[in-house]
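The structure under discussion appears below in the form of structure tokens.
The values are calculated or read from the model by the stated rules, or taken from the named source; none is laboratory data. Predicted model, so just to flag it, every value in this text is computed and none were measured. For neighbour counting, all protein chains shown are included, and Cβ atoms are generated from backbone atoms with ideal geometry for every residue, glycine included.
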Amino acid sequence: MVNIGVLALQGAVQEHLDSLQALPEVNAIPIKKAAELENIDGLILPGGESTTIGKLLNKYEITPVLIEKIHAGFPVWGTCAGMILLAKHIAGEEDAHLGVMDITVRRNAYGSQLDSFVAEIMLPVVNSAPIPLVFIRAPYVEQAANNVTVLAELSGHIIAVEQNNLLATSFHPELTKDISFHRYFVKKVKQAYYA
Ligand code: GLN
């Protein structure tokens, strides 16, 4: 079994747990404390409000423990607010949160008119069928360093990136029935331990 945690401080937690639970050989575990990180092989940072989640990560003293684990190779996937938490730079803001991924993200990048929308992409490394994408006040990646792999772009904006043990997506696979991104992350977690 692979144990995958979902940070359960705020945001779309249950939806990620449900998507993970639909995969064979996966134990999905809500994570609220730093000590619980020791029980899991990888972690999902869900969508929600990055400022709120960032404050709670600090309040519960999870931030330094998680940063250290990430530097040691612990696999983490951030969706939407989770992508913002991972970024080293947030456009127009002074401070980052975890600051572990070499990307600059822009929050609420699609503005008020496109506040929330759905789209579809072909991404053969993740799924042989088109993947539905749900965006909710989503960020996109404005700049990615050379050591970051761009997995997907939509209308000229980067919406999915990977850097070693880290994965980040602007959109919310957990709000669709498609579990291919969750399968992709589980594969990445397995590779981190058995490659
Ligand atoms: N706009 C939110 C933020 O900046 C992210 C939205 C989401 O996670 N759906 O944190």
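Remarks
- Here residue 15 does not qualify as at pLDDT 95 or above, more than 30 Å from residue 146 (Cβ to Cβ) and either away from the ligand (no atom under 12 Å from the Cβ) or surrounded by fewer than 16 Cβ atoms within 10 Å (Cβ to Cβ) (or both).
- Selection of first residues in the range 145-171 that are outside any strand (DSSP E or B) and of second residues that are of a type in the set (Phe, Trp, Tyr) and surrounded by 15 or more Cβ atoms within 10 Å (Cβ to Cβ), restricted to Cβ pairs under 7 Å at least 6 apart or on distinct chains, gives the following pairs, ordered by first then second residue: 165/74; 170/135; 170/140; 171/135.
- Residue count for the range 105-133 under the criterion of being β-branched (Val, Ile, Thr), part of a strand (DSSP E or B) and buried (at least 19 other Cβ atoms within 10 Å of the Cβ): the result is 2.
- For the range 69-95, a residue qualifies if it is within 15 Å of the ligand (Cβ to nearest atom), under 15 Å from residue 6 (Cβ atoms), assigned to a strand (DSSP E or B) and hydrophobic (A, V, I, L, M, F, W, C), and exactly one does: 77.
- If you go through the range 170-186 and keep only what is of a type in the set (Ser, Thr, Tyr), within 16 Å of the ligand (Cβ to nearest atom) and surrounded by fewer than 24 Cβ atoms within 10 Å (Cβ to Cβ), you end up with just 176.
- Across the range 41-57, the qualifying residues are those that are part of a helix (DSSP H, G or I) and touching a residue at least 40 places away in the same chain (Cβ under 8 Å), and the one among them that is nearest to the ligand (Cβ to nearest atom) is 50.
- Residue-level analysis places residue 66 among those that are among the hydrophobic types (A, V, I, L, M, F, W, C) and more than 16 Å from the ligand (Cβ to nearest atom).
- Hey, residue 75 touching a Lys or Arg at 6+ places or on another chain (Cβ under 6 Å), within 25 Å of residue 184 (Cα to Cα) and surrounded by 21 or more Cβ atoms within 10 Å (Cβ to Cβ) or not: yes
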